[in-house]
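The structure appears right after this line, and notes come after that.
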Amino acid sequence: GAGVSQSPSNKVTEKGKDVELRCDPISGHTALYWYRQSLGQGLEFLIYFQGNSAPDKSGLPSDRFSAERTGGSVSTLTIQRTQQEDSAVYLCASSLDRPNEKLFFGSGTQLSVL
Amino acid sequence: AQSVTQLGSHVSVSEGALVLLRCNYSSSVPPYLFWYVQYPNQGLQLLLKYTTGATLVKGINGFEAEFKKSETSFHLTKPSAHMSDAAEYFCAVSNQGGKLIFGQGTELSVKP
């Protein structure tokens, strides 16, 4: 497809379980972002990959959160030992590797931790 | 580190009235500034951006924003609101190539 693809679109899990969220960026986009969107919290920056540079992980809220990007394309966000406060929409976005390029957002993964 | 503050989590205007959504930023270097919009049940999309040059930038759907360095502001305006403008609006800042930081969003309601 032509857009940013995220899977699954919805994920329900039990507290304490691990979850993996996947993002397929637009082909050729070397910059990739993960954000978390919660009610009243806006878009919270999580992590930023740019080309072959070391990722900017400064937004990850705890060491339960990690992300990787394989081959400069697909990215996986992993949340270990999920907590109820992790419930949110997780958004992925990609862009060309130029600083003023617009971000293209996926539709997000709605994560619900019971 | 850069940051963004959007004043007012909810703004309500009448159809045909002026829309003004406020955004102030903090950045240690000349910033790149953006407004994104999220219509109900849709993904975020870019409205407009400021990088360099003219400080008044025009975007889609009749919106515009003015970069005011002295006020560290980038407020979004539209002369006449339409019902279809009802959405959530996000201001964002980057420090010229680094991560893009978003504000908390302003939900715009338009009354008939």
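Normalised by the number of residues in the range A:32-114, the average gap of Cα pairs under 8 Å and 6 or more apart makes the relative contact order 27 percent. In the protein assembly as shown, Rg over Rh equals 0.97, where Rg is the alpha-carbon radius of gyration and Rh the Kirkwood radius from pairwise Cα distances. Only Lys, Arg, Asp and Glu carry charge here, each on its Cβ (+1 for the first two, -1 for the last two); on that basis the range B:9-112 has a dipole of about 240 debye about its Cα centre. How compact is the range B:34-112 by the rule of thumb for globular proteins, expressed as Cα Rg over 2.2 N^0.38 Å? Cα-based Rg divided by the globular estimate yields 1.11. Candidates B:Gly62, B:Pro31, B:Gly16 compared by Cα position along the dipole of the range B:1-85: farthest toward the positive end lies B:Pro31, with charges placed on Cβ. The spacing between the range B:1-69 and the range A:45-81, judged by their C-alpha centroids, is 27 Å.
Under a model in which nothing but the beta-carbon of Lys, Arg (+1) and Asp, Glu (-1) is charged, chain A shows a dipole of about 80 debye around its Cα centre.
Going through the range B:1-73, which GluC sites (Glu not before Pro) have at most 15 other Cβ atoms within 10 Å and a DSSP loop state? Don't skip to the answer; put the middle values down first.
Values: sites: B:Glu15, B:Glu64, B:Glu66, B:Glu71; in loops: B:Glu15.
For GluC sites (Glu not before Pro) across the range B:1-73 that sit outside H, G, I, E and B with at most 15 neighbouring Cβ atoms in 10 Å, the list reads B:Glu15.
Interface of B with A. Using a 1.4 Å probe and counting protein heavy atoms only, the two chains hide about 1500 Å² of accessible surface, both sides summed. All other residues with a Cβ under 14 Å from the Cβ of B:Gly62 taken together, and with Lys, Arg as +1 and Asp, Glu as -1, what is their net charge? The answer is -1. A cut-off under 12 angstrom between Cβ atoms defines the neighbours of A:Glu68, and their net charge, with Lys, Arg +1 and Asp, Glu -1, is +2.
Taking the Cα centre of the protein assembly as shown as origin and charging only Cβ (+1 Lys, Arg; -1 Asp, Glu), how large is the dipole, in debye to the nearest 20? Provide the component values of the computation, followed by the final result.
Numbers: 19 positive and 19 negative charges, 37 e Å.
It comes to approximately 180 debye.
Here's the list of lysines a cross-link from B:Lys78 could span, going by alpha-carbon distance under 29 Å and ignoring same-chain residues fewer than 8 apart: A:Lys102, B:Lys49, B:Lys58, B:Lys68, B:Lys69, B:Lys99, B:Lys111. Charged neighbours of A:Tyr90, selected by a Cβ distance under 12 Å, balance to 0 (K, R count +1; D, E count -1). Semi-axes of the equivalent ellipsoid of the range A:34-114 are 22, 15, 11 Å, computed as sqrt(5λ) over the eigenvalues of the C-alpha gyration tensor in descending order. On full extension, the segment bounded by A:Leu39 and A:Glu20 gains 4.7 nm, given 0.36 nm per residue less the C-alpha separation. Could you calculate the FRET efficiency of A:Glu68 with A:Val12 from 1/(1 + (r/R0)^6), where r is the beta carbon distance between them and R0 is 22 Å, rounded to 0.05? With R0 = 22 Å, the Cβ-Cβ based efficiency is 0.40.
The values are calculated or read from the model by the stated rules, or taken from the named source; none is laboratory data. For clarity, every value in this text was computed on a predicted model and none was experimentally measured. All Cβ positions, glycine included, derive from the backbone under ideal geometry; neighbour counts span all protein chains shown. Accessible surface areas use protein heavy atoms only, side chains included; no ligands, DNA or RNA. Shrake-Rupley method; radii C 1.70, N 1.55, O 1.52, S 1.80 Å.
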